[in-house]
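Structure, as structure tokens:
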Amino acid sequence: MISMNVPDAVQVLERDLRDIFGPRLQSLVAYRAAGGSDKAPTLAVVDALTADDLRACAGRVAAWDDAGLATPLLLGALEFGRSLDAFPLEFGAILADHVVTFGGNPFEGLGVDPAHVRHACEIQARSHLLHLREGYVETRGRGDALADLIVRSAAPFVALVASVARLQGGPDLRDASAAALAIERALELPDGSLSEIMKLSAGGSLPSDAARRMFPAYLDAVERLTSYIDRWSAR
């Protein structure tokens, strides 16, 4: 658990959840948003979760959204611990970068198995690779379509790089450039070779000529990254 700024709106969310769940609310956790979202994410762990609870939350979600909050993740206490192996990347990211704002720490005594993280990273990488190959064929050789493919794939690629950096136990994952550098060195790529793609995750346009130049190296990097994950084992 680290120090981070928790929006005041989380206190309002806490009051609302305590009103809905009463003593069944065990914990409320704030964590850092992924992908540059401007909505503050939270996780609530409760003794039990019913349809009436969801209905009550649905009645307040508009106010939470207006206050700058993402819809909270709601988990029953028993299913919480059993979810770590199913969502190792998601819960690993929360575990590494969170603040408990109410109740006990739901992560105490829990951890994410590196083998589960590796498996999730492989799924993520192979999916990205297949998407790039299929997307390239569907461009029909048009440079503008290729540029659009690269720009649209940039944010998922940043997420993939962060996941692999987490698998390596690498640098502060809030620093995308540091994560990219760690991957470049692991794959023996030239420093900065991934930076062009990473920068596109913020949006913007890409000229067709630049897209044609970038794509072969981009595809090669993803292929090498996929093979690296496939061979990875905890030291």
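If you sort the three axes of the alpha carbon gyration tensor as a ≥ b ≥ c, you get a/c of 1.5 or more for the stretch 1-83 and a/b no higher than b/c, which makes it oblate. Look at the alpha carbon pairs under 8 Å that are at least 6 residues apart: their mean separation over the length of the chain gives a relative contact order of 18 percent. Under a 5 Å amide H cut-off, with hydrogens placed 1.01 Å from N, PHE102 pairs with LEU28 among residues at least 5 apart or on other chains.
The slack in the chain from ALA62 to GLN11, taken as 0.36 nm per residue of separation less the alpha-carbon distance, amounts to 16.7 nm.
Looking only at the stretch 1-94, where both bridge partners belong to it, what percent of the DSSP beta bridges are antiparallel (to the nearest 5)? Present the calculation step by step, with values, prior to reporting the outcome.
Working: 5 of 10 bridges.
Just about 50 percent of them are antiparallel.
The magnitude of the dipole of the stretch 133-202, with charges of +1 and -1 set on the Cβ of Lys/Arg and Asp/Glu and taken from the Cα centre, is near 160 debye.
The dipole here belongs to the stretch 114-231: it is taken about the Cα centre, uses +1 on the Cβ of Lys and Arg and -1 on the Cβ of Asp and Glu, and is about 160 debye.
Which percentage, to the nearest 5, of the DSSP beta bridges contained in the chain is antiparallel?
Values: 10 of 15 bridges.
So the antiparallel bridges amount to about 65 percent of the total.
Extension gain, GLU79-SER205: 0.36 nm per intervening residue step, less the Cα-Cα distance, totals 41.1 nm. The dipole here belongs to the stretch 193-235: it is taken about the Cα centre, uses +1 on the Cβ of Lys and Arg and -1 on the Cβ of Asp and Glu, and is about 120 debye.
Sequentially through the stretch 178-185, phi angles give Karplus couplings (6.51, -1.76, 1.60; θ = phi - 60°) of 5, 5, 4, 4, 4, 5, 4, 5 Hz, Gly and Pro residues having no value and appearing as x.
Provide the packing ranking of 25-31, 153-159, 189-195, i.e. peptides ordered by the mean count of other C-beta atoms within 10 Å per residue, highest first.
Numbers: 25-31: 21.6, 153-159: 20.0, 189-195: 15.0.
Per-residue mean Cβ counts within 10 Å order the peptides as 25-31, 153-159, 189-195.
Take every Cα pair under 8 Å in the stretch 114-231 that's 6+ residues apart, average their separations, divide by the length, and report that relative contact order as a whole percent.
Numbers: 122 pairs, mean separation 41.9, N = 118.
Value for the stretch 114-231: 35 percent.
Once both labels are positioned 7 Å from their Cα atoms along Cα-to-Cβ, the gap between ALA115 and ARG185 label points is 2.9 nm. Close amide-amide hydrogen proximity is noted between GLY76 and VAL46, each under 5 Å apart and 5 or more residues distant or on a separate chain (H modeled in the peptide plane; Pro and chain starts excluded).
Taking a ≥ b ≥ c as the square roots of the eigenvalues of the alpha-carbon gyration tensor, the chain is classed prolate because a/c is 1.5 or more and a/b outweighs b/c. Modelled spin labels at ALA86 and ARG212, positioned 7 Å past Cα toward Cβ, are 4.8 nm from each other.
Bear in mind that the values in this text are calculations on the coordinates, not laboratory data. The model shown is predicted, which means the values in this text are computed figures rather than measured ones. All Cβ positions, even for glycine, are placed from backbone atoms using ideal geometry, and neighbour counts span all protein chains on display.
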